[in-house]
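Taking it in order: structure first as structure tokens, then the write-up.
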Amino acid sequence: MTLDQIAPYIRTVPNFPKPGILFRDLTPLLGNGAAFRATTAALSDRAGDYDLIAGIEARGFLFGAALAQLTGRGLIIVRKPGKLPHTTIGHDYALEYGHDRLELHADAVPAGARVLLIDDVLATGGTAEAAVTLLRKAGGTVHRALFVLELVGLHGAARLNAQGVEPVSLFRYPA
């Protein structure tokens with residue numbers, strides 16, 4: 001399948017989660033085996049050179065796990081606080097209305113490992129930027145981040161570029 005053939009599996013839901021928002025729903029894409037497989041292959045084609053994949057909770061886990069399985073690389077899971085059973089390191093970051101935190105296992109990233117970050121959607125870039133900071137704190141290098149789709153009007157790509165990370169998205173939509 002080409003990207004043009006995958007695109008119809010991204011459903012637009014108006015007024016969700018609140019009026020005026022056009023929500024881009026990836027569940028139809030995940031629910032179609034051929035579209036999901038083609039999306040994973042398209043991500044792999046754009047991945048570049050890396051040792052490990054880091055998926056951001058929660059949908060980044062889905063695409064990250066599929067890509068890890070396809071490429072035979074390991075998967076690091078970047079989670080919200082309190083969800084990992086072993087010793088963790090974390091990074092606190094600001095949201096529009098408050099703060100959040102990401103964590104990963106302290107031993108998840110070998111020193112100097114080249115880590116490919118992956119998530120489903122790039123919006124403002126705050127969570128992806130926090131994940132990059134955390135992965136670097138853990139000893140990894142991050143130069144590229146993959147997304148299924150990007151909401152270009154929210155300028156997340158500029159935030160990642162400022163961190164020396166190349167954002168690559170399969171699909172781009174206005175915010």
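Values quoted throughout were computed directly from the atomic coordinates according to the rules given, and no laboratory measurement underlies them. All values reported here derive from a predicted model rather than from experimental measurement. As a convention, Cβ positions derive from the backbone with ideal geometry for all residues, glycine included, and neighbour counts pool all protein chains shown.
Just one of the listed residues (Ala111, Ala106) is surrounded by fewer than 20 Cβ atoms within 10 Å (Cβ to Cβ), over 30 Å from Phe23 (Cβ atoms) and touching a Gly at 6+ places or on another chain (Cβ under 7 Å), and it is Ala111.
Pairs meeting the criteria (first residue in region 81-100 and over 18 Å from Arg159 (Cβ atoms) and touching a residue at least 40 places away in the same chain (Cβ under 8 Å), second residue surrounded by fewer than 16 Cβ atoms within 10 Å (Cβ to Cβ) and among the small types (Gly, Ala, Ser), beta carbons under 6 Å, at least 6 apart or on different chains) are Ile89/Ala106.
The condition of being surrounded by 14 or more Cβ atoms within 10 Å (Cβ to Cβ) and either under 26 Å from Tyr9 (Cα atoms) or β-branched (Val, Ile, Thr) (or both) holds for only one of Ala175, Ala131, Ala65, that being Ala65. When Ala138 is tested against (1) surrounded by fewer than 21 Cβ atoms within 10 Å (Cβ to Cβ); (2) within 22 Å of Gly112 (Cα to Cα), exactly one condition is not met: (1). Yes or no: region 42-53 includes at least one residue that is touching a residue at least 60 places away in the same chain (Cβ under 8 Å), assigned to a loop (DSSP other than H, G, I, E, B), under 19 Å from Leu117 (Cα atoms) and among the basic types (Lys, Arg). Checking region 42-53: at least one residue is touching a residue at least 60 places away in the same chain (Cβ under 8 Å), assigned to a loop (DSSP other than H, G, I, E, B), under 19 Å from Leu117 (Cα atoms) and among the basic types (Lys, Arg). The set of residues in region 81-105 that are within 18 Å of Val121 (Cα to Cα) and outside any strand (DSSP E or B) contains only Glu96. Among the residues that make up region 69-80, is at least one of them part of a strand (DSSP E or B) and of a type in the set (S, T, N, Q)? No, the conditions are met nowhere in region 69-80.
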